[in-house]
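Undergrad: Please read through the structure below; I'll follow up with questions.
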Amino acid sequence: MSVTRLGITQVRALKQEVAEIFPASNLPAFLLQGLLQLEDRTLRQDKVAADLRVLFRGSAQIGIYGALLAAPATILYGYQKLLSLSGKDVESAFPDGLWQFYTEFGLREDAARHCVESVGFQRAAPAASEIDAAASWVLAAMEMLHSYDELLASEWDEKVMPRVIDAVLPEYAAAQLGKKLPRRAADREQLIAERVERMRADYHLQGFERGWLDERPYRIPAGEREQSFARYRRAQFQQYVQKHLRRAPADLRAQIESRFADRRAEDLPRYRRQLAMTMTLQPEQHREYRATLPLHMVKIALVVGGRYHLIDACAYDADGTLLVFPLDGGGEGTPLVLKRADDSTLRDRYGHVVDIDHAGRVKVEGRLIGRLRPPSVGQVKAQVAAIIRQAARDHSAPSDTDMLLVESPRARQPELRAMLSDATKSELVSLQYAPIIINWDEHPSATPLPEVRRARRGTGDHALTMIRTDRSMVFDMSHIFCDAVWGMALTEIITGYAAGFYPEVSATRASKAEPPAPLKLLAAMNVRAAAASDANDQPIECAAETTAIDVDAIGKLRRKLAGIQLPLTVNDLLLLGRFVHAANYAPGPRAEQAFEAMVSLPNGAALSEQIVRWLEEQRIHNPSLLIPMDASNADPRLRLYPATFRNPLPNLIPRLERCENYVRALRRSGDAGVSRAFDAERKELYKELQVFAELLRALKQVTMRGESFSAAALKLMGHLPGSLQNLVDMIPQKVGILNEILKGREVFSNVGRVAPESSIVRFSSARDDGSTKLLVWGIMTDASGRMTVTLRDFRPHVAVLARHSRPELAQAIASDYLEAYATSVNELVTRIHRVLSQK
């Protein structure tokens, strides 16, 4: 049975339903360009615009919309037009893309970091000693910083080449068709599309992008370790490209290669600059500024016994002089004495200007003389061994200054740090030169990732913290430097580096070395008091995880749906399950036990009743979800686009229930009338499932063009002063309906299934700054097919129970809520399958 598409009347009715659910919609362009794509016939654009005006007029909350969104938007839009008239390029407000712009003022707090867990090293070296394992990870972090420029280039190449092929093929097809092209635009586009598809088949370019995702390596094979991983991966991709392009005509290959080279020359340097990791974050009142760290001064911070030890990330000789190595990687290092001149330039002992770029290439008076390299395996192992042995002898309690700072608002950092002693301020500056922190103190892996990350993790100025557990390494990452997809790739790469270094580390004898002195980071009482007062303004969370969702059942259902041309994705079903869960959740045994335990708290009975009442009220709300969408495949510098989504089809689940009732009736008796009614109802259910899936696809298309309301709101902030940007960003948090439209109340981030050889097993998503995100869903399926859902819970009762020193009660409520979600998804899959299977 195939699914009939909706006609014009039905789409209009659907639009009215959407208007009732979220007035003014969060995606006018989505309604305009997305819903209309579902029709058999098309409408004129002026008619569509008129429909949308009617939609807005019919909204009961249009007054709020006009006063609090339309009016400020009009003013800001007018301001930007004035900037344009004065010659200011509004797009120049986002030199590194819209998302990069937003992260620096909207994702700066500690809760705005995401986590990935890898078990790859422990699988590769299960018997590694503590010193050998620690040294391997330190060397891996150093190697990553030195090769990061090349890694970014590989990532850029792999993202952009498929887009270049996509762009060149239609042009080439049009040129080949020449005078055969019809005059009518629609016919011309159809003929070109058909020719492109034949070319893809003839030249074996079908599945080009997907094929590389399955083949791309994350570590060097054992027999090819003479070259760096970054160069190996780039060589593998170049071979992959040549293998697929060799069947194409020479002139087509030349066009693709020329277009790719032109774009690479223009965009790659900006991409490298945008995502450089040898940087530190400098907090100001309204935003973060990324300050470049000279590579020769960069450190790796190793936390042992709760104390930070700084290890040079570049090789120095015994006298402390920087070493410069030949470009080909071989040979001994040559000492290069550096000094800072009065004009702030670096000079050698002869007064020549020295320039060291972020990739470690060294130029003297403009002449390239070599590059920097990490210290040797023996040097690193000796330092790590000395640090671990020293920490074992030191039984004093470490300072908690780092924890006070990392848990305080970023806007307050300059004031808090100014209260510290000169010695502590100097140590914090030294710590800022470590973009990567490795917390080597072992933490339990049985807890959810958001709990694991609450270890010592610097002061919030750093790109990455790696936290060791009893079975894995957890990577805690700043969104300012990398998003989930690139963060997962980095996790695999660094893990591969560590596993690759281990054989050499284990075979190297650790010589004696003096350990670097640990940072003391002493805090004065006034800092402690100020940080304690700030704690009340910071979000309090608890977390839960589940692996109870039946991935195999989802796969079986999707295959069955595909047979009737209903291509629902895994994410479609997970989202639909969330809407079912939100509408039907009732506290289960774990939550009920928590409510009973609350009675013993001061005002505990009232608190328990309040939470239950709030949960009951939430069942009538259609949750507004912020869905992060990976934009890097369209353009690596765009990184990510956010979009908000609410269930636009409130009748879908009731219709499913009616279908189930018919199924039960038919199983009792084969009444012909019931059978006809069931067929009609099931047909409507299929239509609504089709619409749900296509709405999400249209949402993605609109969002990838930067036309979602969320993106449009961000664009209005271009060239505004920092204080006004912060004010505009705060408006939705103060007005519920605007938050629903622009930001959502939940983050729903599904990073999908990892590659077959991946060692990543868990993922937790991030929460943007402010107080409106109540739930953060992080979903990932590992290489074995096990899906893990991690829930970060920021609902009001979490903070209340934390103040009563009963966080375990909040955790029990979160676990109950999450398990109910998994049950909702599994039951939804079973129910749809049951209706689908009825003859």
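Undergrad: Amide H of residue 114 versus every other amide H placed in the peptide plane: which residues, excluding those fewer than 5 positions away on the same chain, fall under 5 Å?
TA: Sorted by chain and number, the residues that satisfy this are 477, 479.
Undergrad: What is the log10 of I(q)/I(0) for region 211-338, computed with the Debye formula using one identical point scatterer on each Cα and no solvent, at q = 0.10 Å⁻¹?
TA: For the requested q values the scattering log ratios are -0.61.
Undergrad: Next up: If one puts a single equal scatterer on every Cα of region 302-346 and applies the Debye formula without solvent, what log₁₀ I(q)/I(0) results at q = 0.14, 0.16, 0.21, 0.30 Å⁻¹?
TA: Debye output, listed in q order: -0.55, -0.66, -0.83, -1.04.
Undergrad: Additional query: Express the relative contact order of region 152-279 as a whole percentage, based on alpha carbon pairs under 8 Å and six or more residues apart in sequence.
TA: 38
Undergrad: Continuing with the same structure: Pick out, in residue order, every one of the trypsin sites (Lys or Arg not before Pro) in region 370-479 that is DSSP loop and has at most 16 other C-beta atoms within 10 Å; say none if there are none.
TA: 471
Undergrad: In whole angstrom, and with the biggest value first, how far do the Cα coordinates of region 129-226 range along each principal axis?
TA: Dimensions of region 129-226 along the principal axes of its Cα atoms: 72, 23, 21 Å.
Undergrad: What are the radius of gyration and Dmax of region 595-698, computed over its Cα atoms and given in Å?
TA: Every Cα atom of region 595-698 included, Rg and Dmax give 22.1, 62 Å.
Undergrad: Next question. Run through region 762-803 and list the trypsin sites (Lys or Arg not before Pro) located in a DSSP loop whose Cβ has at most 16 other Cβ atoms within 10 Å.
TA: Those that pass, being in a loop and sparsely packed, are 786.
Undergrad: Once the Cα gyration tensor of region 269-386 is diagonalised, what are the square roots of 5 times its eigenvalues, in whole Å and ordered largest first, as equivalent ellipsoid semi-axes?
TA: 24, 23, 14
Undergrad: If N is the number of residues in region 336-471, what value comes out of its Cα radius of gyration divided by 2.2 N^0.38 Å?
TA: Compared with the compact-globule rule of thumb, region 336-471 sits at 1.37.
Undergrad: How big is D for region 585-635, in µm² s⁻¹ as a whole number, if Stokes-Einstein is applied with the Kirkwood radius of its Cα pairs at 37 °C and 0.692 mPa s?
TA: After rounding, the answer is 240 µm²/s.
Undergrad: I would also like to ask the following. Given the Cα atoms of region 496-596, and with Rh set as the inverse mean 1/r over their pairs in the Kirkwood sense, what is Rg to Rh to two decimals?
TA: My calculation of the ratio gives 1.23.
Undergrad: What residues from region 375-408 fall in the zone where the backbone N is under 17 Å from a label point 7 Å along the Cα-to-C-beta line of residue 130?
TA: Residues 381-398 fall inside that zone.
Undergrad: Past the 20 Å Cα-Cα mark, which pairs from 159/700; 560/700; 560/687?
TA: Over 20 Å apart, Cα to Cα: 560/700.
Undergrad: So for 332, 681, what's the accessible-area order with a 1.4 Å probe, most first?
TA: Largest accessible area first, the residues go 332, 681.
Undergrad: Quick check: with the 1.4 Å probe, what order do 384, 353 take by accessible area, largest first?
TA: Sorted by accessible area, descending: 353, 384.
Undergrad: Also, I was wondering about something else. Taking a probe of 1.4 Å, how large is the accessible area per residue of region 152-279, in Å²?
TA: 54
Undergrad: Continuing with the same structure: Can you give the convex hull volume of the alpha carbon atoms of region 152-279 per residue, in Å³?
TA: 138
Undergrad: So, one more: List the residues, sorted by chain then number, that are 5 or more residues from residue 629 or on another chain and whose placed amide H is less than 5 Å from its amide H.
TA: Here the answer is 641, 643, since their amide H atoms fall under 5 Å of that of residue 629.
Undergrad: Can you figure out the FRET efficiency of residue 254 with residue 369, using R₀ = 25 Å and their beta-carbon distance, to the nearest 0.05?
TA: Efficiency for this residue pair is about 0.10.
Undergrad: Limiting things to C-alpha atoms, what are the Rg and the maximum Cα-Cα separation (Dmax) for region 377-450, in angstroms?
TA: Final numbers for Rg and Dmax: 15.7, 42 Å.
The values are calculated or read from the model by the stated rules, or taken from the named source; none is laboratory data. Quantities reported herein were computed from a predicted structural model and do not represent experimental measurements. Glycine gets a Cβ as well: all are built from the backbone with ideal geometry, and neighbour counts include every protein chain shown. Accessible surface areas use protein heavy atoms only, side chains included; no ligands, DNA or RNA. Shrake-Rupley method; radii C 1.70, N 1.55, O 1.52, S 1.80 Å.
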